[in-house]
Structures are given as structure tokens and as C-alpha cells.
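Taken together, the values in this text are just the output of simple stated rules run on the coordinates, not laboratory data. Since we're looking at a predicted model, the values are computed, not measured. Please note: Cβ atoms are built from the backbone with ideal geometry, for glycine as well, and neighbour counts cover all protein chains shown.
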There are 4 protein chains.
Amino acid sequence: MKFLITAFEPFGNDSKNPTMDVIKGLELPDVDTLVLPVTFNFFQDFTEAIEDKKYDYILHLGQGGGRNKITFEKVALNYMDARIADNNGDKPVNQPIVADGPDGLFTTLPIREIVIALQQKGYPASISYTAGTYVCNYIMYSSLHYFRDKSTKVGFVHIPYSPEQIVDKELPSMSIDLVKEIIKETIKILSLGSFQSEQVSLGETH
Amino acid sequence: MKFLITAFEPFGNDSKNPTMDVIKGLELPDVDTLVLPVTFNFFQDFTEAIEDKKYDYILHLGQGGGRNKITFEKVALNYMDARIADNNGDKPVNQPIVADGPDGLFTTLPIREIVIALQQKGYPASISYTAGTYVCNYIMYSSLHYFRDKSTKVGFVHIPYSPEQIVDKELPSMSIDLVKEIIKETIKILSLGSFQSEQVSLGETH
Amino acid sequence: MKFLITAFEPFGNDSKNPTMDVIKGLELPDVDTLVLPVTFNFFQDFTEAIEDKKYDYILHLGQGGGRNKITFEKVALNYMDARIADNNGDKPVNQPIVADGPDGLFTTLPIREIVIALQQKGYPASISYTAGTYVCNYIMYSSLHYFRDKSTKVGFVHIPYSPEQIVDKELPSMSIDLVKEIIKETIKILSLGSFQSEQVSLGETH
Amino acid sequence: MKFLITAFEPFGNDSKNPTMDVIKGLELPDVDTLVLPVTFNFFQDFTEAIEDKKYDYILHLGQGGGRNKITFEKVALNYMDARIADNNGDKPVNQPIVADGPDGLFTTLPIREIVIALQQKGYPASISYTAGTYVCNYIMYSSLHYFRDKSTKVGFVHIPYSPEQIVDKELPSMSIDLVKEIIKETIKILSLGSFQSEQVSLGETH
């Protein structure tokens, strides 16, 4: 089985992006890694770069400032609404990503099974039902849309700030070592392909 | 213009649902109100009850425990994942609402314009990008799906706990009077139909 | 019984201070109100202004940005550590308020009894064990120290942001009307002087 | 220089206490470790156990569920108010720890200097102005009171939940490895004795 794990460059006020540290040393025989720019217009370049690779799984990692767990996104929206400019200076507001694309697309990764397996090992992981409206959601929607009729499974994982990023913030963090351990475990779970099918709820009650 | 505002009965551990207090006295010449059961199987009854009414706008109100603002939902998901049983004792886990329905459906209410107008008047309102996976999301998705080719516009609004609900909780609240004032203002904004079209971002950065 | 309720002027980035709105119209036959400057050097002026008044109770109100309830402070510290300059431009760091004063002084208000009575009426009130290290703590410590051998009882009450202050923040708020109602109820509880003495814990577990 | 680092047993609903994992392997030539019971009556046993040891520094570690950083406590209060029973079944409510003791006692550890040094190395550390009203505050107050005229310096450090403790909670956590690294660094800072004296504010603005 072939995996691609992507990270993002730093953006906004942050001089580092913990996803870049997470993928360092993650290269395994079947795992490629790639750092993506934080811009709203690179998706075509991305698909051209990987078109011959025939990945079984693509895991996009993104910084989820404020999150306390590794969160696997359920859905991407056909929507861009940028509060801050991307690294090209673009700031799309209230726009679709794909003209006439469906409003939402569910991840094709078995995220329930992954999260249940991780939690049973004591790892702080959960499902998130919003990937925001910025570049994280843009790449997740674009990938899901591009690979919708292909065999490649696509998922997006938000990771907490690293400890050094919250020295002056009242927000949670997670050690890079622990994030790396959980991502490796996720790859292992997917490689084994033997998922739990327990009917545990991982939902949000509102 | 004709409006329907719905509230929900109490559910889970809560003996009250603030939405029921909010709709009390909200009946205006063009505004009907209705209290819905917190169950995953009442939608057909609901549509039968209102099918002759030809509403221009349906606003579903739901309790959003933990929210600090009046939040207008952007999207409903074709997904049920109940952490607690509904008031019938049903607890659907990891299931679609509508077989073969689209993954997500955007609200047909002009929520950006409403939120910008409310914020300009000093009201704490915002857009939310997840309505959860419980009965709130179920009614929102069901209504959007049912009215998808009709002229009725559908929206869902989560309101914070009332002050008396948080006496023993570390969570935000909002006075019923203030919620009522904001809902009335929302109806007024929709009645006037003259929306701001400013390109202000109301998005979430992740 | 004679009461003094004090408010504070706006400070920092806030153009309003909700305590000023709370005390408006709160003047009752036995209740005086006073707006204090947000500075670290006005305490002598304050005591000169009120020295003939013989108040039974002084309640200092302060803005507690981020709090979700009306919180009655248990203790003031002999310590100033200002993150931002006060309204005079002073910014004392790591200094005592009263040379050789005790490290901490407990409020002389029966705050447990007040909070239990308020909670029984459904009001969101609680005890706080830190008044910070800024002007709120300064006035609380100064008053408790000045009146330590006198009959005047002194307390400090932090109130949440007002709803209009959190339009662009992810923090709780409370309507001015509700704060005013709770402060009036507090005055009534103290006037009646018949306190609950239930052994309910209002503590913080760490 | 001789150090004592204490941990606590698990309490309440928690089957583990991360402080016990933190002190494992922390024994260095000049560092003793000790696990304390979570009870309100063990302090005399504690002092008898250590009376010949002549420690220069005692650092009590406690679990601070909900905290996102390593927090060094500024003050202990002469107050017990237990929301849950201790591990003996005792539940003191609204009582002093030491009859006629002062209301508050400041830590005798140079916590500002420690926190500034840790932050400069990128560690998430801060000062806390409340140690609660449970056993953590009890041991901190008891130690500060007992050693008030002696040369031993006393401090209390609250540490976040460990990652496995928050699998089902919406709260921050910190890896045991990182906590251990920060405690070791703290011991090193105290051993070197060369503290920063920068006038940076570490206060809380209210």
C-alpha cells in the first residue's frame, strides 16, 4: 500500500507549522511526504506532481490552532472564506472552490474505524465536523473532488499547536513526538486494513 | 412574507430548552411558531403539518450548549451519529438521513447578510460551520432536502444556554430576552430584504 | 444599612466598561454609586472622598473579561504585576501594594452565603479565587487593608463582558440587565442579613 | 543543593495521576522524590519523614486538570473547601488549614525568574494565581507555613492532564516526557542560581 502524507508551510502570524516537523523522518518504504504552499491556487500543480504515483491513501495534515486532539475531518465544503490572506496575498471571500461542485464531500478515509482504534490505544483522537473555510478546507475539498471516481482514498487531519507555539497563548498543544507516533499508528491501522466496526457514537450533540 | 420559527422540546439531561422560551410571544401577524419533538423520525409529520402554509422562510431554532453567540448554520450533513438517545429512545449511529442524498446541503437563508447586519447593530452573532450530528442537524438536513426545489428558504440557528442552565457549568449563556430580540431583528432583516453585500470574511481559519 | 457600589472606567483596548452601565439607575435610598479611575494611585483620593460616609458594605465591581458568571472574589493579593499600562500610563511590575502588608487578605463579605442564595434563585454566580494582579486586585487589596479594623465590609465582584463586547471574541457575555438584577438581589440579601449556612462546597478542585 | 520533588496519588475519578509518572526516573544525585497521599491530614507525617533532610528546595507537583501549561503557583490560601472527598473520605468545607494562620502565603520559590527562563527556551510555563481549595492548596499552604522561618524554599507546580487522560475530554494535555524535561530544567535553573531579573509582566489582567 502506498501513502502520501502532506504538510503545510507556515501561514498567518505563525513562523512555524508543526506539520512540517511531523513529517520529518516519517518517510517509510511505502510513505512519501510533501510540503504544500498555503495558497488557494496550487491544486493543479499538486495533481500534476503526483499523477503517476497511484497512491492508495493521501493524508493531508494541517495546523488546527486551538484543537486539543488529533482530529480527522469528516467533510469538506465547497466554500472559501478567508479571514487572512494566503501566502500569495490572495483572500477569497464567500466563493465556491469548484463551480457547480457539490456543497459538501465526505472524506473517503475510514475515519471512525481509525479514531476508535486510536482511542483504544489511549491516543487523544477524535472526529471533527468542520475543516474551516481556509486553505485546509480548500485542499481537502479539491483532493476529494479530484479523486472522487478514483481508487485513492483522501483524508484531512488537523493537529494541535506544538508546545512552543502556545507559550503566550491560552490554548492546548501536543508534542511533535506524540503527533508523529499517532500518524505512524494511523498508517499502520490503514496498512493492516482490519478495522473495528463497533457502533460507538463519535458524534457531536447539539 | 410568511415565517415559521420552530423550537425544540428539552432533551438529554436538560429539563428545559431555551428555544421554547424564545418563541413564546414571538407570534406576529406573519410569523407562526411550532415546537418540534427531539426525535429522529418526525419529519414526515412535520411536512404534513405545514404543507399548505407556503412559508417564505423557515427558521429552526436549536439549543447549542457551549456556544457564546447566536450562530447561523452554513451546512447540514447527511449523517446521524447520536451520542445520547433521542426522546423516543432511538440512537442512530453512523447512518445517512436520506439514502443517496448529497453529503452536505448549504442553508438557503442569506446568513452572511443577516450576520453582518446583526453585528453592525452590536449583536453577538456569527456563522457556524457545523450543526453537529444529532437531531438539530437531522431537522436542518431534512428541511433543506425537502424544500430543495421549492421557494421556501430554510435555516438553522443555534442559541446559547440560558443563564439558569449554566449555574453549575463552565460555559457561556445568553439571556432569553436578548435571544428573542436578535430573532426579531433577523425576521425584520429578512422582511426588508435589503441585504448588505459587503465582502467581509466570516470564515474559520484552520 | 448603607451601601457603596463602585464601577471602573474603560481600560486597555475596551472603549466601554460594563460596570458603568450596571450602576446606572442602581442608586437606591441606601445605595451610593461611584466610578473609579483605572489607575494604581488613586486609593488615597478614594478614602478621602468616602471617609465620612460610614458605609456598611462596599462592593467594587470590575470587568472580568472571559468570565461566564458573576464572580465574588475570595482573596486579594499584596501584589501588582501589570501586563498593560493603567489609564495614567503606569505599569507596575512585580511589586507589593502595601509595603510589609500581608500576602493575602480574604474578603469580609459573606460571599459563600450570597452565592448559595443567588444560585438557589437560578442566577449564574460563583466564587473566584483570583482577582488577578491588575487594578481590580489593587483596589480590592487596598480597601480590605484600609478597612481591616473597621466595621465596613468589603467585597469585589467581577462581571462578564457585555454582549456587544464579544461580537468579535470567542468569550462568554452577560446582559447588563441580568447583571443589574443580580447586583440588586445581592444588596437585598445583605440587607436582610439572613444568610444560608449550608455546608455546600463552592471550591475549586486541583 | 538538595531537592525534594513530591507527586500525588490518583484521586477523584482519575485512575492515574500524571505526577507519579513525572517523578519516575527523576532521582538525581541531589534530588529525592516522594509520593504523597491525597488526604487532608497527612502533613505531620510528611514533616516527620523529611525533618532530617535539610532540603534547599521542595517542589510539590500536582495534577491541574484543565491547565494548558506547567503553572507555578504564586500563593496558597488558608482555606479548605473540598468539592469531592479526599482518599480518606474526608471532605472539609469552608475551613481554615491553620487556625489563626495568615489568609495567604506567597511561594518562596523564585517563580518569576524560573518562568521567564523556561519561556525563553520555548517551554509552555506560566504563573498561576490560584492553587484551588483542595489538597494541592492544602499541602502548599502547610509546607509554606511550616518552613516559613526556615531556609527551605517551597513551591507548587500544577501540571496538565496527560494525553491519555483527555481521550474523552475537551481539555488540554501535555506529554509526560515534556513535563519531565521542564521539571529537570527547573531543577537546573535553581541549581545554577543565576536568575533573570527582567521586568517582564507575568500578571493576569482583570
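Give me Rg over Rh for the protein assembly as shown, both radii from the alpha carbons and Rh done the Kirkwood way, two decimal places.
Working: Rg = 28.3 Å, Rh = 28.9 Å.
Looking at the protein assembly as shown, the ratio lands at 0.98.
Take residue D:181, push a point 7 Å out from Cα through the beta-carbon direction, and compare it with the same point in every other copy: 1.3, 5.0, 5.1 nm, smallest first.
Before anything else, pin down the relative contact order of segment A:7-127: Cα pairs under 8 Å, at least 6 apart, normalised by residue count, whole percent. Display every interim value, and only then the final one.
Details: 126 pairs, mean separation 30.4, N = 121.
RCO, segment A:7-127: 25 percent.
Counted by Cβ distance under 11 Å from residue A:107, the other residues give a net charge of +1, where Lys and Arg count +1 and Asp and Glu count -1.
Per-residue packing, averaged as other Cβ atoms within 10 Å, sorts the ranges A:58-66, C:78-86 into the order A:58-66, C:78-86, beginning with the highest.
How large is the convex hull of the C-alpha atoms of segment C:111-205 per residue, in Å³? Can you show the working numbers first?
Working: hull volume 13.6 nm³, N = 95.
Here the figure is 143 Å³ per residue.
Electrostatic bookkeeping for residue A:89 treats Lys and Arg as +1 and Asp and Glu as -1; over the other residues with beta carbon under 15 Å from its beta carbon, the sum is -1. Over 22 Å between Cα atoms: which of A:69/A:169; A:16/A:188; A:74/B:153 fall into that group? Beyond 22 Å: A:16/A:188; A:74/B:153.
Rank-order B:35-47, D:128-140 by packing density, defined as the average count of other C-beta atoms within 10 Å over each peptide's residues, highest first. Could the numbers behind the result be given before it?
On the way: B:35-47: 16.5, D:128-140: 25.5.
Going by the mean number of other Cβ atoms within 10 Å, highest first, we get D:128-140, B:35-47.
Percent relative contact order of chain A, based on C-alpha pairs within less than 8 angstrom and at least six residues apart? Result for chain A is 27 percent. Under 17 Å of direct C-alpha separation, and excluding same-chain neighbours fewer than eight residues apart, residue A:2 reaches these aspartates and glutamates: A:27, A:30, A:32, A:51, A:52, A:56, A:185. Note on C:84-93: average number of Cβ atoms from other chains within 10 Å of each residue's Cβ is 2.
Only helices reaching 15 angstrom along their own axis (Cα) with mean Kyte-Doolittle hydropathy no lower than -1.0 count here, and for the DSSP H runs of chain D these are D:135-146, D:176-192. Each other copy holds its own label point for residue C:12; taking that point as 7 Å from Cα along Cα to Cβ, the gaps run 2.0, 2.6, 3.0 nm, nearest first. Ordering A:66, A:41, A:12 by the projection of their Cα atoms onto the charge dipole of segment A:1-133, which places +1 on the Cβ of Lys and Arg and -1 on the Cβ of Asp and Glu, puts A:66 at the extreme positive end.
Between copies, the label points of residue A:52, set 7 Å from Cα on the Cα→Cβ line, lie 6.9, 7.7, 9.5 nm apart, reported in increasing order to one decimal in nanometres. Considering only Cα atoms, the convex hull volume of segment D:21-70 works out to 110 Å³ per residue. If you model chain D as an ellipsoid using its alpha carbon gyration tensor, with each semi-axis the square root of five times an eigenvalue, the axes come out at 23, 21, 18 Å, biggest first.
Note on chain A: helix-only mean residue ellipticity at 222 nm, from DSSP H runs of 4+ residues weighted -39500 (n - 2.57) and normalised by residue number, equals -7500 deg cm²/dmol.
May I ask you to order A:15-22, B:8-15, A:142-149 by the average number of other C-beta atoms within 10 Å around their residues, highest value first? List each step's numbers first, then the result.
On the way: A:15-22: 19.5, B:8-15: 14.5, A:142-149: 18.0.
Those peptides, ordered most packed to least, come out A:15-22, A:142-149, B:8-15.
Within 10 Å of the Cβ of each residue in A:62-70, the mean number of Cβ atoms contributed by other protein chains is 3.
Taken as Cα centroids, segment A:100-155 and segment A:157-173 sit 22 Å apart, rounded to the nearest whole angstrom.
Taking every residue in A:129-136 and counting other chain Cβ atoms within 10 Å of its Cβ, the average works out to 6.
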